[in-house]
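Q: After the structure tokens below, expect a handful of questions from me.
Please treat every number below as a calculation from the coordinates, not as lab data. Every value quoted in this text rests on a predicted model; they were computed, and no experiment measured them. Methodologically, a virtual Cβ is constructed for each residue, glycine included, from the backbone with ideal geometry; neighbour enumeration extends over all protein chains shown.
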Amino acid sequence: MSTVERTPATPGAALRCAPLAAAVFALRRIPAAALLCALVACLNAVCWSLITPPFEVVDESDHFAYVQWLSETARLPKSGGDGLPTSINPGFSPEQQVALRDLHQPQIVFHPQRRAISTRAEQHALQADLQAGLSRKGDGNAGSAVSEPPLYYALQAIPYELGSSGSLLDRLQLMRLFSALLAGLTALFAYLFVREVLPGARRTWLVGGLGVALLPSLGFMSGAVNPEALLYAVSAATFYCLARAFRRGLTNRSAAALGVAVAVGTITKLNFLGLLPGVILGLLLLTARAAGWRMPRARVAHQSSQVQQAVGDARSSVAHKRSRGRQVAGDPRSRARRSARGARSHVQPRVRASQLTAEVPLAARRAAYRSLALALAIAGTPATLYVLVNLLSNRSGLGFVSHAIHATSRQQHSLLSEVSFIWQFYLPRLPGMAVDFPGILTTRNIWFNWGVGLYGWLDTVFPPWVYTLALIPAGLIGALLIRALVNARAELRRRAGELFVYFAMSAGVLLIVAASSYVEFPQQGSNYAQPRYLLPMLALLGVALALAARAAGRRWGPAVGALLVIGMLTYDVLSQLLVVARFYGPLG
Amino acid sequence: MRIQIAIAAGLALAALVVGLTLSRSPTMIAGTNSISQETLLAAGSDFTVCQNNETLPRGASAIRLWLGATIGPRVAVDVLAGARTVAHGTRAAGWTGVVVTVPLRPVARAAALVRVCAELDRADEPVGVQGQKTGAAMAATSGENALPGRMRIEYLRAGERSWWSLARPIVRRMGLGHAWSGGWIVLVLLALLLGIGALTSWSLLREPL
């Protein structure tokens, strides 16, 4: 269909169609490969949602209770707590309690030798009970989910309402499918992030995007009702916005986009707060760069190199497209022209004469500060509103966050012991440190092994030998990654600021997870030792896989990239089979 | 051309791995000591729990102990007939749940009236021992002390049927307890998985790496 055919007949129609047209235009600007990654991630999460029995994903019963209470009463849950999932929470709605009972959920959780319901009689009893018209209102108890911000649950109220005429299982499945859509967003932003971070390595973008899309942990978590599905998506979006701003400069538009991503993240899950220090650092660096805080000569040299790189990218992109001779949509030449135009538009802000002079004009500096203020204002709006609402309703300004701060301040340990704990939470103990995890090498036993496979209520694992075997591909990918980093050391030095921002974001996530565990130390030191909490850094995994493919060189890189993706697909299928065996296999 | 070969080889290898996995047999319970797991008998770390009068079935390839932890310590199991070790196995630290399965080298012959000892390394949390209250004479021991009862133990061995041959009952069970009932859901799953595989391969070919 041509552009002329799509033009509305009247001005009124044009106005009505404007948002739609803008949306279509925006969608068309997304690379087809990114959309493919999104589709693969989405379908994969749908598979996981169909395989995993209802409420057999960690904390899913609590998150469902939150959505149900919010949808039925339009109020936030009132109470919660970390009750054991091996008993049914009496604060849940009668409908959910009956569903949990009939599905034998409390008996299955943490008992990997027990199976999901397996007889027609159990199925009939479940269906009969769910059709009995039991109340959908409990007493507002959402278990461990009560302290979470409401955005994800508010969004989940849409599929919940859409399925309101069906049974509880229908609503749960619709909610799971909504989460699956978020997996698509995660993969999409991961691909776009890889594209921004490695602009000269076009051939590896797909490896990064598909690698993330096929990651079993992403499918498992996003195939369930859990706010982490949105957290992963918004975290990947935040990484992408920052990378885009580092590559193309901080503008009002990119600042607003970053601000929106952060705002959405802060009202999605508290873990997102871990990314904030890195994001703020990134904003400051971008502002400093745009406002000319750098030494002028260095800045000009830096910008010139960026210009050359961008022009090189555009040329290679155009040449690549010409050589392919087959485009997904439209005439190849027009696509190439669009690409070149796009590349020039990247270049444009950098080649302005005023920016290449030693002094940055006042207007440019003001624009930089305005962008910073815009990003911070948008990002800070939800938090400000939250504090205001709390204060106006005579509660502690920081609400649930203040409980965590209070719990931390009650700790009798020294700062040094906390640092020691956080270190050992991830890394081998150093000489002189107290033994916080006796007999356990957390790096291997928790983060590697459980990162390879930990499903259900964290009770579904591969046989031990699988984790040993997994060291081989992981080691090979690690070696390739190291080679890529060594090869690109000059580039790394040039982009040290940007890399430090990603490092700070990752460190923030690691710190917030470890510090949450430390609150319960020494009674329990490992409650949050779960690799799923590190998935907000998925975009970086995409880059790692892309770099690994690049490190194999021009000759073998493409084959290694293809093998990496097929390897991830195999790993995903085997993980799904593991879950099938755990819940539907013979008693064992 | 290299990409086509890599994709074909990768997919062939994937099919082989999945095929081999499904041709293995799931483990099944070869025997238990018929003790229920109703009571918490003890909780602690860095201890050894021993239990007499157990029967190790023929072909047992793993032993499942009712020990619970969030992050369990290393567990070493010895099955003793008098002073002779009939079977031995270890499970590395990092297991989680209310049971721990320790692999053993499959035993050729059944052994009755054996003593099972599980040695637990130090942990950062207490490890619970679940079982059933019994008299002191029958009870498990930890060092010199008798526990209030016996720990539940299950003995596992490889089943006789492969996963392939169990496909039909598994498909039937997968159709229960979900929003959409029926074995057809597995066909949808297979179609989705094939679709993912096809999309992935196609995109790798379409976007030359």
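Q: Among A:Y66, A:S516, B:A15, whose Cα lies farthest out toward the positive end of the dipole of the protein assembly as shown, if unit charges sit on the beta carbon of Lys, Arg (+1) and Asp, Glu (-1)?
A: Toward the positive end, the furthest listed residue is B:A15.
Q: Also: Cα-based Rg of segment B:1-94 per 2.2 N^0.38 Å, rounded to two decimals?
A: Here the Cα radius of gyration is 1.66 times the empirical estimate.
Q: Right, here's the next one. Ratio of alpha-carbon Rg to the 2.2 N^0.38 Å globular estimate for segment B:106-209, to two decimals, please.
A: 1.93
Q: Given +1 on the Cβ of Lys and Arg, -1 on the Cβ of Asp and Glu, and no further charges, what dipole in debye does the protein assembly as shown carry about its Cα centre, rounded to the nearest 20? If you can, show how the numbers build up before the last one.
A: Working: 76 positive and 39 negative charges, 871 e Å.
In debye, rounded to 20, the protein assembly as shown gives about 4180.
Q: Cα extents of segment B:94-151 along the three principal axes, largest first, in whole Å?
A: 36, 33, 19
Q: So what is log10(I(q)/I(0)) for segment B:8-57 at q = 0.15, 0.22, 0.26, 0.31 1/Å, when the Debye sum runs over its Cα atoms only?
A: These q points yield log10 I(q)/I(0) values of -0.70, -0.97, -1.11, -1.16.
Q: If each residue's Cβ is checked for other Cβ atoms within 10 Å, how do A:L188, A:L569 rank with the fewest at the top?
A: Fewest to most other Cβ atoms nearby, the residues stand as A:L569, A:L188.
Q: Can you list the trypsin sites (Lys or Arg not before Pro) in segment B:19-97 that are in a DSSP coil and have 13 or fewer other beta carbons within 10 angstrom? Please list the in-between numbers first.
A: Values: sites: B:R24, B:R58, B:R64, B:R74, B:R84, B:R91; in loops: B:R24, B:R58, B:R74.
Sparse-neighbourhood loop trypsin sites (Lys or Arg not before Pro): B:R24.
Q: Once amide H atoms are placed 1.01 Å from N in the peptide plane, what residues at a sequence separation of 5 or more from B:T27, or on another chain, have their amide H within under 5 Å of its amide H?
A: Sorted by chain and number, the residues that satisfy this are B:G159.
Q: For segment A:131-198, would you read off the P(r) tail past 16 Å as a percentage of all alpha carbon pairs?
A: 64
Q: Ratio of alpha-carbon Rg to the 2.2 N^0.38 Å globular estimate for segment A:49-131, to two decimals, please.
A: Working: Rg = 13.2 Å, N = 83, 2.2 N^0.38 = 11.8 Å.
My calculation over the Cα atoms of segment A:49-131 gives 1.12.
Q: Let me ask you something else. Take every residue in peptide A:110-117, count the Cβ atoms of other chains within 10 Å of its Cβ, and give the average of those counts. Please list the in-between numbers first.
A: Values: counts 6, 4, 6, 9, 0, 1, 5, 4.
Shielding by partners across A:110-117 averages 4.
Q: Separate question: Between Rg and the Kirkwood Rh of the protein assembly as shown, both from Cα atoms, what is the Rg to Rh ratio?
A: Reported Rg/Rh (Cα atoms, Kirkwood Rh): 0.99.
Q: How many percent of the alpha carbon pairs in segment B:150-200 exceed a separation of 18 Å?
A: 55
Q: With the contact rule set at Cα under 8 Å and sequence spacing of 6 or more, what percent relative contact order holds for segment A:187-280?
A: 29 percent.
Q: Given the C-alpha centroids of segment B:151-200 and segment A:428-446, what is the distance between them in whole angstrom?
A: About 38 Å separates the Cα centre of segment B:151-200 from the one of segment A:428-446.
Q: Further question: Between segment A:263-281 and segment A:151-214, how far is it from one alpha carbon centroid to the other, in angstrom?
A: Between the Cα centres of segment A:263-281 and segment A:151-214 lies a distance of 19 Å.
Q: Return the average number of partner chain Cβ atoms within 10 angstrom of each residue Cβ along peptide A:444-455. Mind dumping the intermediate values first?
A: Working: counts 3, 8, 4, 1, 1, 4, 3, 0, 0, 0, 1, 0.
Per residue, the average neighbour count from other chains is 2.
Q: Right, next: Taking all pairs of distinct Cα atoms, average 1/r, flip it, and tell me the Kirkwood hydrodynamic radius of segment B:45-94 in Å to one decimal place. Don't skip to the answer; put the middle values down first.
A: Values: mean 1/r = 0.0806 Å⁻¹.
After inverting the pairwise mean of 1/r, the radius is 12.4 Å.
Q: Expressed as a whole number of Å, what is the distance separating the alpha-carbon centroids of segment A:39-72 and segment A:87-139?
A: One Cα centre to the other: 15 Å.
Q: Using all Cα-Cα distances in segment A:249-289, what percent lands in each 5 angstrom bin from 0 up to the longest?
A: Distribution as computed: 6, 23, 29, 24, 13, 5, 0 percent.
Q: Work out from phi, with θ = phi - 60° and the Karplus expression 6.51 cos²θ - 1.76 cosθ + 1.60, the ³J(HN,Hα) of each residue of segment B:147-159, listed in order in whole Hz, and give x for Gly and Pro.
A: 7, x, x, 9, 7, 6, 10, 10, 10, 10, 8, 5, x
Q: For segment B:132-209, state which chymotrypsin sites (Phe, Trp or Tyr not before Pro) are in a DSSP loop and have at most 16 other beta carbons lying within 10 Å of their beta carbon.
A: Working: sites: B:Y155, B:W163, B:W164, B:W180, B:W184, B:W202; in loops: B:W163, B:W180.
Passing sites in segment B:132-209 are B:W180.
Q: Still on this structure, please answer the following. Can you tell me which of B:A69, B:A179, B:A118 moves the most in a GNM of chain B? Springs connect C-alpha atoms under 10 Å apart.
A: Between B:A69, B:A179, B:A118, it is B:A179 that shows the largest mean-square fluctuation.
Q: While we're looking at this one, here's another question. Using the reciprocal of the averaged 1/r over all distinct C-alpha pairs, how large is the Kirkwood radius of segment A:413-472 in Å?
A: Taking the inverse mean of 1/r over all distinct Cα pairs, segment A:413-472 comes out at 12.9 Å.
Q: A further question follows. Given a cut-off of 32 Å, what percent of all Cα-Cα pairs of chain B lie beyond it?
A: 39
Q: Going by how many other beta carbons lie within 10 Å of each one, how would you line up A:F521, A:F189, A:F239, fewest first?
A: Going from sparsest to densest Cβ surroundings: A:F521, A:F189, A:F239.
Q: Please compute the average number of Cβ atoms from other chains found within 10 Å of each residue's Cβ in peptide A:512-521.
A: The mean count of partner-chain Cβ atoms within 10 Å per residue comes to 0.
Q: When DSSP assigns beta bridges and you keep just the ones with both residues in the protein assembly as shown, what percent turn out antiparallel, to the nearest 5? Show your work: numbers first, answer last.
A: Numbers: 48 of 49 bridges.
Close to 100 percent.
Q: Note down the magnitude of the dipole of segment B:125-170 about its Cα centre, charges +1 on Lys and Arg C-beta and -1 on Asp and Glu C-beta and zero elsewhere, to the nearest 20 debye.
A: Here the size comes out at about 280 debye.
Q: Can you give the log10 of the normalised intensity I(q)/I(0) at q = 0.13, 0.14, 0.17 Å⁻¹, computed with Debye over equal Cα scatterers of segment A:436-522?
A: Log10 I(q)/I(0), no solvent term: -0.68, -0.78, -1.02.
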